[in-house]
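> I'd like to ask you about the structure that follows.
Any read-out appearing in this document is the output of simple, stated calculations on the displayed coordinates, not a laboratory observation. All figures in this text were calculated on a predicted structure; none of them were measured in a lab. No Cβ is skipped: glycine too gets one built from the backbone with ideal geometry, and neighbour counts run over all protein chains shown.
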Amino acid sequence: MEYQATAKYIRTSTRKLRLVADSIRKLSPADALVRLRLMPKQAAKPMMQVIASAIANAKEKQAKPDTLQFKMIEVMGGPVMKRWRAVSRGQAHPYKKRMTHVRVILTDEKQN
């Protein structure tokens, strides 16, 4: 059976969250939580919260946490806030504040 959790509108760029997701993709969810707790990246905290939520959803359906595996960690781009910074001679430089959506799907079935 599959169990999923989604976090939307995370105020971190998609690129930074994908780096974190790629580093934990091959681990078990319990090991991933331990690794994320010790990871010195700001994007590790929202990823840890999503994985913990997916594990809690699985426990709610009476799944054993030690048999869970990642089926998919999907990191998608969200909306972008466009902002400008004032610079000399009355000009402005634009920049973007990016957001990210993350979906984690866990499964308790054996993968071949």
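> How high is the relative contact order of the stretch 2-107, in percent, with contacts defined as C-alpha pairs under 8 Å that are six or more residues apart?
Working: 186 pairs, mean separation 45.0, N = 106.
Relative contact order here is 42 percent.
> Post the alpha-carbon centroid distance, the stretch 1-28 to the stretch 55-96, in whole angstrom.
Using only Cα atoms, the two centres lie 8 Å from each other.
> Could you put E74, E60, E2 in order, starting from the residue whose Cβ has the fewest other Cβ atoms within 10 Å? Kindly include the intermediate steps, with their values, before the conclusion.
Details: E74 12, E60 9, E2 15.
Ordered from fewest to most neighbouring Cβ atoms within 10 Å, E74, E60, E2 come out as E60, E74, E2.
> Right, next: Taking the chain as a Gaussian network, Cα atoms linked when under 10 Å apart, which of R11, R83, R98 shows the biggest mean-square fluctuation?
Comparing R11, R83, R98 in a Gaussian network model of the chain, the most mobile one is R83.
> A follow-up question, please. Take the residue pairs K16/K59; K64/K97; K8/K64; K59/K96; K8/K59 and return only those whose Cα atoms are more than 31 Å apart. Show your work: numbers first, answer last.
Numbers: K16/K59 29 Å; K64/K97 39 Å; K8/K64 27 Å; K59/K96 39 Å; K8/K59 22 Å.
In this structure, K64/K97; K59/K96 exceed 31 Å between Cα atoms.
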